[in-house]
Amino acid sequence: MNAKSKFFQLVTIVVFSTMSATALAQEDQAEDEQAPTADEIAKELAHPNSVLGSLNFNFDHTAYKGDLPGASDQSATSVTFQPVFPYPLNESTNFYLRPAVPVVISQDVPVIGGFGNKGVELGDISFDAALGKSLPGGYVVVGGVVGTLPTATDDALGLDQWLLGPEVALAKIFKWGVLGMLVSHQWDVAGEDSFSTSITGGQYFYTYNLSNGWQISSSPTFSYNHEAVSGQRWTVPVGFGVSKTAILGGRPWKFGLQYWQYVEQADAFGPDWAVRFTVTPVVSLPWGKK
């Protein structure tokens with residue numbers, strides 16, 4: 001199946017999932033007037049210093065291009081599980097520990113003489129530990145450390161290095177939504193020593209609130225590889241997306257679809273475009289309000 005066929009298949013799945021979620025939400029809407037509405041939960045989930053616990057499942061499909069022969073015929077499909085369990089320290093400050101566990105479903109990688117495909121494998125697990133602080137005027141500051149563990153079950157899908165470095169984010173909460181950016185940097189601190197790693201990465205994110213739990217939002221990730229040769233350093237997408245938060249069986253769920261078009265990538269082999277479908281159930285926290 002080629003990249004375009006996979007793309008339209010993903011879009012079909014997302015459309016029907018969102019329509020089903022909306023229908024179920026209308027049928028299962030809680031009668032408790034004191035319970036948060038889908039709109040209120042959607043806004044809280046978009047807040048960079050949210051107190052809501054969530055289980056994020058990101059389903060990604062990426063199409064590639066580049067100077068290597070056959071690069072435009074390659075693609076990748078993966079799912080990343082990222083739970084978020086904020087621990088409130090006071091009314092304006094939360095502690096976050098957020099692991100991201102990637103499972104590669106299919107990944108085309110350059111090999112001698114062309115490209116090879118990797119099956120279901122575990123990728124390098126990343127994490128961040130940070131403090132989020134809400135400030136007067138609607139500003140939010142987040143600071144902490146970010147790291148990567150050499151957990152990939154195939155050498156072609158990981159660096160075989162331990163990475164560590166700082167991260168910082170700044171966001172502004174408006175009446176209409178959220179706008180912000182996160183930047184991090186990681187160096188290799190242990191593991192494979194035949195090469196060095198120095199990567200600046202991050203994401204810019206925005207959310208525009210509509211109504212009935214609908215939002216326009218996106219959070220594309222970018223990176224700059226300081227150790228790469230010229231023409232291979234930047235990976236930068238622009239993104240657009242929509243999301244819907246619904247109450248299903250008394251539990252809030254958020255469904256989202258994003259499209260990223262890459263305007264900068266490695267000349268030899270890099271991403272051309274990507275689609276991300278997200279499923280996020282909100283979960284109760286053991287230290288939350290009863």
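Descriptive notes on the structure:
- Residues in the stretch 256-270 that are in contact (Cβ under 8 Å) with a residue 60 or more places away in the chain and either more than 30 Å from Gly66 (Cβ to Cβ) or among the polar types (S, T, N, Q) (or both): Gln265 only.
- Residues of the stretch 174-181 include none that is within 19 Å of Gln232 (Cβ to Cβ), of a type in the set (A, V, I, L, M) and surrounded by 14 or more Cβ atoms within 10 Å (Cβ to Cβ).
- Per this entry, Leu285 is not counted among residues that are in contact (Cβ under 8 Å) with a residue 24 or more places away in the chain and touching a Leu at 6+ places or on another chain (Cβ under 6 Å).
- Pick from the stretch 123-140, criterion touching a Leu at 6+ places or on another chain (Cβ under 6 Å) and assigned to a strand (DSSP E or B), ranking: surrounded by the fewest Cβ atoms within 10 Å (Cβ to Cβ): Ala129
- Candidates are the residues of the stretch 108-163 that are hydroxyl-bearing (Ser, Thr, Tyr) and closer than 20 Å to Ala190 by Cα; the one that is farthest from the chain's Cα centre (by Cα) is Thr153.
- Unmet requirement for Ala171, which otherwise passes all of (1) surrounded by fewer than 18 Cβ atoms within 10 Å (Cβ to Cβ); (2) farther than 25 Å from Glu121 by Cβ: (1)
- Taken over the stretch 223-255, residues that are open to solvent by less than 40 Å² (accessible area, probe 1.4 Å) and in contact (Cβ under 8 Å) with a residue 40 or more places away in the chain amount to 9.
- Cross-chain or 6+ apart pairs with Cβ under 8 Å, the stretch 124-142 first and touching a residue at least 40 places away in the same chain (Cβ under 8 Å), then open to solvent by less than 30 Å² (accessible area, probe 1.4 Å) and charged (D, E, K, R): Asp128/Glu167; Val142/Glu167
- Considering each residue of the stretch 7-28 in turn, none proves to be touching a Leu at 6+ places or on another chain (Cβ under 7 Å) and modelled with pLDDT of 95 or more.
- The stretch 142-164, residues that are assigned to a strand (DSSP E or B) and either surrounded by fewer than 18 Cβ atoms within 10 Å (Cβ to Cβ) or aromatic (Phe, Trp, Tyr) (or both): Gly143, Val145, Leu149, Trp162, Leu164
- Top-ranked residue of the stretch 33-72 - restricted to ones that are farther than 30 Å from Gln265 by Cα and charged (D, E, K, R), ranked as surrounded by the fewest Cβ atoms within 10 Å (Cβ to Cβ): Glu33
- Qualifying positions in the stretch 99-122 - part of a strand (DSSP E or B) and within 19 Å of Pro150 (Cβ to Cβ): Pro99, Ala100, Val101, Pro102, Val103, Val104, Gln107, Val109, Lys118, Glu121, Leu122
The values are calculated or read from the model by the stated rules, or taken from the named source; none is laboratory data. As the structure is a prediction and not an experimental result, all values here were calculated from the model. With ideal geometry, Cβ positions are generated from the backbone for all residues, glycine too; neighbour counts draw on all protein chains shown. Heads up: the accessible areas ignore ligands, DNA and RNA and are worked out on the full protein's heavy atoms, side chains in. Shrake-Rupley method; radii C 1.70, N 1.55, O 1.52, S 1.80 Å.
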